[in-house]
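Right, one structure below, let's go through it.
Throughout, read-outs are computed from the coordinates displayed, never taken from laboratory work. Predicted, not measured: the structure shown is a model, and the values here were computed from it. Note that we place each Cβ from the backbone using ideal geometry, even for glycine, and neighbour counts take in every protein chain shown.
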Amino acid sequence: MRGEYFLFVFSVSLGVLQLVAAWVRLDGLSFFRRRYLNYIFAAAMVGISYWWFFRVDRNIPDTAGGLSGPLLFSFLLAALALAIFLTLIISSAINARWGKSNPEDAKEGFEALRSTTYFQAIKKGLRRNR
Amino acid sequence: MVSLDERLFFLINGLAGRSEAVDGFMKLVGGEYFIPVAIVMVLLTMWFLGKDIQSREKNQRAVWYALVGVGFACAIVAIFNCFYDRLRPFEAYPGDVTLLFYQPTDPSFPANVAAVGFAFAMGAWFGNRKAGYVLFLFAILWSFARVYVGVHYPLDVLGGGAIGILASLAARGFLRLIEPLPTWILKGLRKLYLA
């Protein structure tokens, strides 16, 4: 149950992050160059994850294998963090060439991810601070 | 008041067991996984939303209000539970309640799920009205489902909802009180390209 819940939250988060990347046009976070592919990926991840997790009855007390409140919160946080971390790595790897071709800029925060990947933004930020 | 509460409970819980599809839906949305994960995904979306830095920061502050508000709400519910132990409907009226859920062992009043759901919604509402309304709808649905499946009285969820709303109001006040710490954290996250 714990592993399944973790996987459920992780895959839903991965889908939602791609939805957001396309919606807010943070191309540096996208797995795909075409925006409609992000939406398809997001819908598939969220839909399949919800269907897979709720295909069986999940109303189980924590005394019989269900998750207590603090555990629910911890697993949710861990799965969300892993999804964000993997999104940053995968999108940086996929878009490595694309990001480099963009001009250097001094944008801060998510604004930078419109034209560069996460790791390129970090690199540029470090270079600026030197 | 209590009698009205119980009558309303039996009116809502009386709907259970009539339609397999509606029962299944209520069990799904009344559980601990479906709506909470959906709420967190709305907050995750809010974290990224905004036409510019200012509007995004407003959304991100609202996410803080919601998260801290939920923490406050859970603490208030835990304190309530130390002093007041209202029996669950299925304990008070064994045999008369259509129970579609497992039997929780904590007190009936106030409803923890309502406190959490409304705290999330109120916190989000401060930064983004549309997201706030969506989360209020989730909170109402979640709370109603808990009455429908037979684990809470309507007064439990009303009390929980009030606690959740007040907790997020308090969270907003608290985060404003400890300024500039939240601003520093947001600026730090922005430096790391995470906000």
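The angle between the Cα long axis of helix B:154-177 and the main principal axis of chain B comes to about 10°, on a 0 to 90 degree scale.
Measuring against 20 Å, Cα to Cα, the residue pairs B:LYS130/B:LYS191; B:LYS51/B:LYS130; A:LYS124/B:LYS58 contain B:LYS130/B:LYS191; A:LYS124/B:LYS58 as the ones spanning a longer distance. Under the simplified labelling scheme, the A:LEU82-B:SER3 pair shows an inter-label distance of 5.5 nm, with each label point 7 Å from Cα along Cα→Cβ.
Between helix B:34-48 and chain B there is an angle of about 10 degrees, using the helix long axis and the longest principal axis of the Cα atoms. When the alpha-carbon atoms of the protein assembly as shown are used, the pair Rg, Dmax equals 21.6, 73 angstrom. Our summary gives chain B a relative contact order of 30 percent, counting only alpha carbon pairs under 8 angstrom and 6 or more residues apart.
Relative to the present Cα-Cα distance, how much length would full extension add between B:LEU15 and B:ARG129 at 0.36 nm per residue of separation? Going from the current span to full extension adds 37.8 nm. Summarising the label geometry, the points placed 7 Å from Cα in the beta-carbon direction at A:PHE73 and A:LEU37 lie 4.0 nm from one another. Taking each DSSP H run with n ≥ 4 as -39500 (n - 2.57) and averaging over every residue of chain B yields -24500 deg cm²/dmol at 222 nm. Its Cα gyration tensor gives the stretch B:2-191 an equivalent ellipsoid. The semi-axes, each the square root of 5 times an eigenvalue, are 34, 18, 11 Å from largest down.
For chain A, the 222 nm mean residue ellipticity estimated from helices alone, with every DSSP H stretch of n ≥ 4 adding -39500 (n - 2.57) and the total spread over all residues, rounds to -21500 deg cm²/dmol. Between the C-alpha center of the stretch B:51-79 and that of the stretch B:1-47 there is a gap of 23 Å. Taking every Cα-Cα distance in the stretch A:2-98 and sorting them into 10 Å bins starting at zero, the pair-distance distribution P(r) comes out as 16, 42, 27, 12, 3, 0 percent.
Compute the angle between helix A:118-129 and the longest alpha-carbon principal axis of chain A, please, reported from 0 to 90 degrees and rounded to the nearest 10. The angle comes out at about 50 degrees.
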